Structure formats: structure tokens, C-alpha cells
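**Student:** Pasting in a structure now, in C-alpha cells, and then I'll have a few things to ask.
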Amino acid sequence: MKQADGAQEDVVTRSIRMLADHGYLETTVEQLAQAAGISRATFFRKYGSKEDIVFADHAATLERLELLLDRPDLGAQAGLAEGAQLVFRHHLDHPGRAVARHDLLQGVEALRDREIAMSSRYERVFHAFLRRVLPASPDQWVTAVALASSTVAVHNAFLRTWLRDPGADHGERLVRSLHRRVAWLCSAFGVVAHEPARPFAADISFVPAGVRFGQEDDAAASSSGAAPIVVVVPEGGDPAAAAEQAARSVYEALRC
């Protein structure tokens, strides 16, 4: 069984490298199949199209992530941190594939769109986990959406940092740093390890546009030991959309 898994890994990695080196549009499925030593029909049956094989390993990673997050002992912070590390380590374990895919995506817009869609699948897995473990509250859904998207965005920023210098030591340092960043992110959203989650109760506030904070608010923020995140919602605006924008802002602040 290990030999079969290894053989599949080699086919996926070699195919991605071939598409990157010889051109995505110029390389045919027949050429990929020939390089893999299999027929065209077998290639389609096992790996799908050229686009499918570029992301063929993500299906297994998503399954592993779902299994991890299904553990009953995981709270929100631990689940997000361990889940982000699991996905990140998948790339560290297959550096040749990760670098080849990164090189390929730089020149093929359609594949970058597929990558965005794949990130959305990871967000949905994290979102479903958070909806299950966060305590019920009027803001639970918004908290889950914002925190899931922020976690995936931070992971992707760390991945791009590693891809600029894909060394083993560098990768391990980033794994540890990723854990700390996700913990900080959870704290910013009011989700603290081993404590009941407080979705948006104190650290994140929704306020109408035009509202200004006085000295009392500044003093409260200073005494809390951590600056709150304030999400300004335009009149008639959607809090969920505002939370999505806040998540993207958090990502920009955390970019390496």
C-alpha cells in the first residue's frame, strides 16, 4: 500500500513539474500519461483532467483535516491551530510538489482561480467546525465565518513566505510561528484556549458608521491589555459582510 501511495505522489509531482516546465497549455494529457507510464484512459480515471491533477492531493488533505477537527477534545483555538499546522505540514512534506505548483500557478490564471476555490473549501471545513464548538449566541455564525476565513488567509500568507525560501529549518520555524499567530487571532476574536468562547463580546465590536470613541473608550482599551477590533457597519449594511472585510484586514496586518 505504501508503494502505491508513493507511486501516486510521484505521478502528481512529476505531472505538475512537467506542466510548469513545458507550459500548461502546451502539455497534453497524453504526454502526462506517457511520462507516468500509464494509458490516457487510466490517467483520466485516476487523476482526472490536467487541472484536477494540479490539486489532486488536496482531497486527501481535506479529509485529514476533517478527521482532526472531528476530535471531541478539541476546542476552537486548538482545532484552528492544529488544523492550520496540519495543512501547512502537508506542503512541507512535499516541497518539490509545492514549489512546482507555485511556479505553475504564477502563469496560469485559471489555476489561480481554482486555488481560490480550494481555499474556500478549507474555509468551509473550519467554519463547520467552529459552528459546532463555539457556544450558541446571536454572533456565532459571524464569528465562525470571520475566524475561519482569517485562519485560512494567515495560513496562505505563511505558505507564500515559505515558498520564497522552502528550506526545512525555515519551514519548522514557520510552523511554530503559525501556531502563535493563530492563537493571537483567536484571542483577537474573543476565543481563548480552555475558556468559553466570547464571540465578539469584548474584543470585537460592531458599531454604526459615524460613531466616534471618546477618552473613556480609549482608556478602557488601554486597560484591557489588548487593542479591540472594531468593525464599522454602514447604515443598512450586512454585519456578516463587515466581518469578512475585517477578516481580510486582519490577514493584511499579519502578512509576513
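The values are calculated or read from the model by the stated rules, or taken from the named source; none is laboratory data. Treat the numbers as computed from the prediction; the structure is a model and nothing was measured. No Cβ is skipped: glycine too gets one built from the backbone with ideal geometry, and neighbour counts run over all protein chains shown. Quick note on the areas: whole protein, heavy atoms, side chains included, nothing else; ligands and nucleic acids left out. Shrake-Rupley method; radii C 1.70, N 1.55, O 1.52, S 1.80 Å.
**Student:** Which order do VAL54, VAL125, VAL133 take by accessible area at a 1.4 Å probe, largest first?
**Tutor:** Highest to lowest solvent-accessible surface, that is VAL133, VAL125, VAL54.
**Student:** What's the carbon and sulfur percent of the stretch 1-143's accessible surface, probe 1.4 angstrom, rounded to a whole number?
**Tutor:** Looking at the stretch 1-143 in its full context, I get 51 percent from C and S.
**Student:** Suppose we look only past 12 Å in the calculated P(r) of the stretch 70-116. What percent of the Cα-Cα pairs does that tail hold?
**Tutor:** Percent of Cα pairs beyond 12 Å in the stretch 70-116: 70.
**Student:** Shifting gears a bit: Please work out how much accessible surface PHE129 shows to a 1.4 Å probe, ignoring ligands, DNA and RNA, in Å² rounded to 10.
**Tutor:** My reading of the accessible area for PHE129 is about 0 Å².
**Student:** Oh, and also: From the phi of every residue in the stretch 52-57, what ³J(HN,Hα) in whole Hz does the Karplus formula 6.51 cos²θ - 1.76 cosθ + 1.60 yield, where θ is phi - 60° and glycine or proline is x?
**Tutor:** Using θ = phi - 60°, the values come out as 4, 6, 4, 10, 4, 7 Hz.
**Student:** Please report the net charge: other residues with Cβ closer than 13 Å to the Cβ of ILE38, K and R +1, D and E -1.
**Tutor:** +2
**Student:** In addition: Volume per residue, Å³, of the convex hull around the alpha-carbon atoms of the stretch 14-118?
**Tutor:** That works out to 109 Å³ per residue.
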